[in-house]
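Report on one structure; see the data block that follows.
The values are calculated or read from the model by the stated rules, or taken from the named source; none is laboratory data. Worth saying up front: this structure is predicted, and the values here are computed from it rather than measured. Glycine also receives a Cβ, built like all others from the backbone with ideal geometry; neighbour counts cover every protein chain displayed. SASA here: full protein model, heavy atoms, side chains in, ligands and nucleic acids out. Shrake-Rupley method; radii C 1.70, N 1.55, O 1.52, S 1.80 Å.
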Amino acid sequence: MDPQQAEPWAAPGNPPMAAEGPTAPPASMLDKVTGYESIATGGEERYLPPPVYPVHSAEGGQSQPVQKWSIPSINEDTARQALIKYASDHVTYSSRPAEEMVFKELKPYNMYRYRLDTFTESRSPEWKSEPYHSQIVDNYSFGPPPPPWEVAVDIPKMFEKSKKKVQVPHTASVKGCHRCMAMGKVPCDKCAQTGRVKCWVCSGKGSRFGGDDRCNHCMGSGIESCKSCSGYGCQTCNVCQGRGQLFFYIQLTVKWENNTFEHVVEQQCGFPTKTLSKVTGEKLFTDQQFQVYPVMGLPDPRINQVSQQGIQEHWAQFGKTSRIIQQRHTVELIPVTEVHFQWKRKDYSYFVYGTENKVHAPDYPGKNCTIM
């Protein structure tokens, strides 16, 4: 190709650009490794099913001692102080109704919160390659590669999200670079391997402004040295960084996730249970092990049903795609008291909930009040 017809270099001062071309190695270059026959090659995460292990029967369960679990109802003084604090936390609320109210009734309710945490591990192998610069080549001669789920990886702190990438033992190899045919150089696509391009000042005409004014940049030749390849007609391969060889290995991406199932067994009293997520209760039951059983024998049979439901859902959702490392479930008793009172001959009510004695009072009479 005539260098005069090659695309001119864009502008002075621009950095050299590597020649375009495929960077992913062809499948024929990758070794066949037992247990890794269908792994990803282009950054795709394809998680493998875990080993099969026994699952507890849903009919089993952990019986709890039969006892009456309840938290004593708050008294009037506690209910009043909670409402006074609620008013003081709002700039436009007056605390006067809370200070002057007359109690009519305190109705206690016990609500239960069941929570199941399932800590899972997922593994995704993929081929990786990088320029070879004397890395240790741990290949098949050191022994057969371990299957994906037998690669030793330290487990992080339980129930905390984490991620690790590890090289699978005995899968390393060194191969000639597929991009540059192990040469370390590739043809320059800016000058068609000639090392010369049109002068960017005169656009290859040799003169400026269409006259006899010779271009001083190219001395009237209309061409100049290609900046992309410094006039050599080839560039350093951007895949192997000019080394001509690539270091191949299988990389295992290991992810740990904490998956939560939570359900509140409520009393039909008109209290919005979603607000309970902001408070704590009294922990009545907790258990942690590889696989927990549904709880049984709790005061409210709905807790037992919710426990069984949560465990079944987690095993169905995660048991076939991840390895379950540990499970933990708890039952909390959250106190809720409905307070009925009178102020200025009108009836009102509010809720005090949680061990923190938070208040839910959407109809508080002291809203937007200027009374001091």
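For VAL265, the conditions (1) aliphatic (A, V, I, L, M); (2) at pLDDT below 95; (3) more than 30 Å from ALA361 (Cα to Cα); (4) surrounded by 19 or more Cβ atoms within 10 Å (Cβ to Cβ) are fulfilled apart from (3). Restricting attention to segment 242-270, the residues being within 27 Å of PRO148 (Cα to Cα) and of a type outside the set (D, E, K, R) number 14.
Per-residue answers, yes or no, for (1) buried (at least 19 other Cβ atoms within 10 Å of the Cβ); (2) farther than 30 Å from VAL336 by Cα; (3) at pLDDT 90 or above:
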| site | (1), (2), (3) |
| --- | --- |
| GLU224 | yes, yes, yes |
| PHE248 | yes, yes, yes |
| CYS269 | no, no, no |
| THR280 | no, no, yes |
| GLN308 | no, no, yes |
| HIS314 | yes, no, yes |
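Taking the criterion of being within 30 Å of GLY242 (Cβ to Cβ), part of a strand (DSSP E or B) and open to solvent by 70 Å² or more (accessible area, probe 1.4 Å), would at least one residue in segment 93-102 satisfy it? No - not one qualifying residue is present in segment 93-102.
Here's a check for you: in segment 294-306, which residue that is open to solvent by 70 Å² or more (accessible area, probe 1.4 Å) and not basic (Lys, Arg) is nearest to LEU116 (Cα to Cα)?
Initially, segment 294-306 is screened for residues open to solvent by 70 Å² or more (accessible area, probe 1.4 Å), giving 296, 301-302, 305.
From what is left, the residues that are not basic (Lys, Arg) are 296, 301, 305.
Working: MET296: 15, PRO301: 17, GLN305: 13 Å.
The selected residue is GLN305.
Scanning segment 31-71 for residues that are modelled with pLDDT under 70 and either in contact with a helix residue (DSSP H, G or I) (Cβ under 8 Å, 6 or more places away or on another chain) or under 29 Å from GLN305 (Cα atoms) (or both) yields a total of 20.
Suppose we filter segment 184-200 for residues that are part of a strand (DSSP E or B), over 23 Å from GLN241 (Cα atoms) and open to solvent by 40 Å² or more (accessible area, probe 1.4 Å); how many remain? I'd like the intermediate steps shown before the answer.
Narrowing segment 184-200 to residues part of a strand (DSSP E or B): 185-187, 196-198.
Filter again for over 23 Å from GLN241 (Cα atoms), leaving 196-198.
This time we only want the ones that are open to solvent by 40 Å² or more (accessible area, probe 1.4 Å), so: 196, 198.
Residues meeting the conditions: 2.
Might you check whether a residue that is assigned to a loop (DSSP other than H, G, I, E, B), within 38 Å of the chain's Cα centre (by Cα), within 30 Å of GLN288 (Cβ to Cβ) and not hydroxyl-bearing (Ser, Thr, Tyr) occurs anywhere in segment 160-183? Yes; the residues of segment 160-183 include at least one that is assigned to a loop (DSSP other than H, G, I, E, B), within 38 Å of the chain's Cα centre (by Cα), within 30 Å of GLN288 (Cβ to Cβ) and not hydroxyl-bearing (Ser, Thr, Tyr). SER124 meets each of the listed conditions (1) at pLDDT below 95; (2) touching a helix residue (DSSP H, G or I) at 6+ places or on another chain (Cβ under 8 Å); (3) closer than 25 Å to LEU48 by Cβ apart from (2).
Of all residue pairs spaced 6 or more apart or on separate chains, those with beta-carbon atoms under 7 Å, a first member in segment 330-342 that is over 19 Å from PHE285 (Cβ atoms) and a second member that is open to solvent by less than 10 Å² (accessible area, probe 1.4 Å) and among the small types (Gly, Ala, Ser) are THR337/ALA79; VAL339/ALA79.
Restricting attention to segment 176-192, the residues being in contact with a strand residue (DSSP E or B) (Cβ under 8 Å, 6 or more places away or on another chain) and under 15 Å from LYS227 (Cβ atoms) number 3. Kindly check whether there is at least one residue in segment 309-329 that is touching a helix residue (DSSP H, G or I) at 6+ places or on another chain (Cβ under 6 Å) and of a type outside the set (S, T, N, Q). Within segment 309-329 (the criterion being touching a helix residue (DSSP H, G or I) at 6+ places or on another chain (Cβ under 6 Å) and of a type outside the set (S, T, N, Q)), the answer is no, since none of the residues qualifies.
Exactly one residue among THR260, THR253 is under 34 Å from the mean Cα position of the chain (by Cα), open to solvent by less than 50 Å² (accessible area, probe 1.4 Å) and among the hydroxyl-bearing types (Ser, Thr, Tyr), and that residue is THR253.
When you scan segment 201-301 for strands (runs of 3 or more DSSP E) that lie fully inside it, which ones turn up with 3 or more residues that are under 30 Å from VAL168 (Cα atoms)? Step through it out loud before you land on a result.
Numbers: elements: 223-225, 234-236, 245-265, 282-289.
Of the strands (runs of 3 or more DSSP E) lying wholly inside segment 201-301, those with at least 3 residues that are under 30 Å from VAL168 (Cα atoms) span 245-265.
Of the residues in segment 151-158, none is open to solvent by 20 Å² or more (accessible area, probe 1.4 Å), assigned to a strand (DSSP E or B), farther than 30 Å from PRO299 by Cβ and in contact (Cβ under 8 Å) with a residue 12 or more places away in the chain.
For segment 114-145, filtered to residues that are open to solvent by 10 Å² or more (accessible area, probe 1.4 Å) and assigned to a strand (DSSP E or B), the residue that is nearest to CYS237 (Cα to Cα) is PRO131.
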